[in-house]
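Presented below is the structure to which this report refers.
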Amino acid sequence: MKMNLNGVERIAADLATVRSFVTDPNLVGRCMPDLQDLKVVDETHMVALVKMGIGPIRGTFKMEIELMPGADEVAMKLKGSGMGNGLAMTSSMRFAVPEGGGCDLHWTADAAVSGPLAGVGGRLLEGQAKKTTEQLFVNIRQALEGQKAPV
């Protein structure tokens with residue numbers, strides 16, 4: 001099953017601070033919802049263990065993540081597996097300075113899910129994927145604004 005998600009987070013921090021945060025695997029990696037463990041491999045790669053579940057299908061996913069900073073955006077590739085399921089996602093983050101200051105973080109995510117999770121049903125899976133992805137970017141905003149990000 002394939003999904004396309006997008007959104008914008010307005011962050012009360014300057015663009016340079018936001019960009020620096022989302023390109024640091026030690027910082028951005030800790031913003032993943034339901035994070036159980038994070039291992040930073042190098043400055044652009046990390047491996048995370050994340051709890052996931054939809055309906056009766058629950059367990060831990062191992063996620064291999066690559067950050068790809070570019071001139072105008074930061075891309076992220078994620079490949080995960082767990083409980084007989086597969087997940088592949090590409091995400092991009094663009095930055096804009098809104099009138100009045102701060103930084104708008106425009107994000108998109110294209111994801112594909114395979115295995116029993118894909119069979120749970122389109123609306124249920126898409127709703128959970130949207131909630132989890134949006135929470136990642138909310139956690140980034142909260143961390144940058146000095147609030148404790150939920151785990």
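Could you give the length gained on full extension between Lys77 and Arg94, defined as 0.36 nm per residue of separation minus the Cα-Cα distance, in nm?
4.6 nm
Give me the net charge of Asn6's neighbourhood, meaning all other residues with Cβ under 12 Å from the Cβ of Asn6; Lys, Arg count +1, Asp, Glu -1.
Its environment carries a net charge of -1.
For the chain, what does -39500 (n - 2.57) per DSSP helix run (n ≥ 4), summed and divided by total residues, give at 222 nm, in deg cm²/dmol to the nearest 500?
The helix contribution divided over the chain gives -7000 deg cm²/dmol.
What's the magnitude of the charge dipole for the chain around its Cα centre, counting Lys and Arg as +1 and Asp and Glu as -1 at the beta-carbon? Answer in Debye, nearest 20.
Here the chain has a charge dipole of around 640 debye.
Could I have the simple spin-label model distance between Lys51 and Glu145, label points 7 Å from Cα toward Cβ, reported in nm to one decimal?
It works out to 2.6 nm between the two label points.
Leaving out same-chain residues fewer than 8 places away, which aspartates and glutamates sit with a Cα under 12 Å from that of Lys130?
Asp110
Enumerate the aspartates and glutamates that Lys51 could reach by cross-link, defined here as Cα to Cα under 18 Å, with residues fewer than 8 away along the same chain left out.
Reachable aspartates and glutamates: Asp34, Asp37, Glu64, Glu126, Glu134.
Which loop GluC sites (Glu not before Pro) in the range 9-88, with loop taken from DSSP, have no more than 15 other Cβ atoms within 10 angstrom of their Cβ?
The qualifying sites are Glu43.
Calculate, in nm to one decimal, what Asp24 and Gln128 gain on full extension: separation in residues at 0.36 nm each, minus their alpha carbon distance.
Contour length minus Cα-Cα distance gives 34.8 nm.
Laboratory data are not the source of any read-out in this text; all were calculated from the coordinates shown. Every value quoted in this text rests on a predicted model; they were computed, and no experiment measured them. Backbone-built Cβ (ideal geometry, glycine too); neighbour counts: all protein chains shown.
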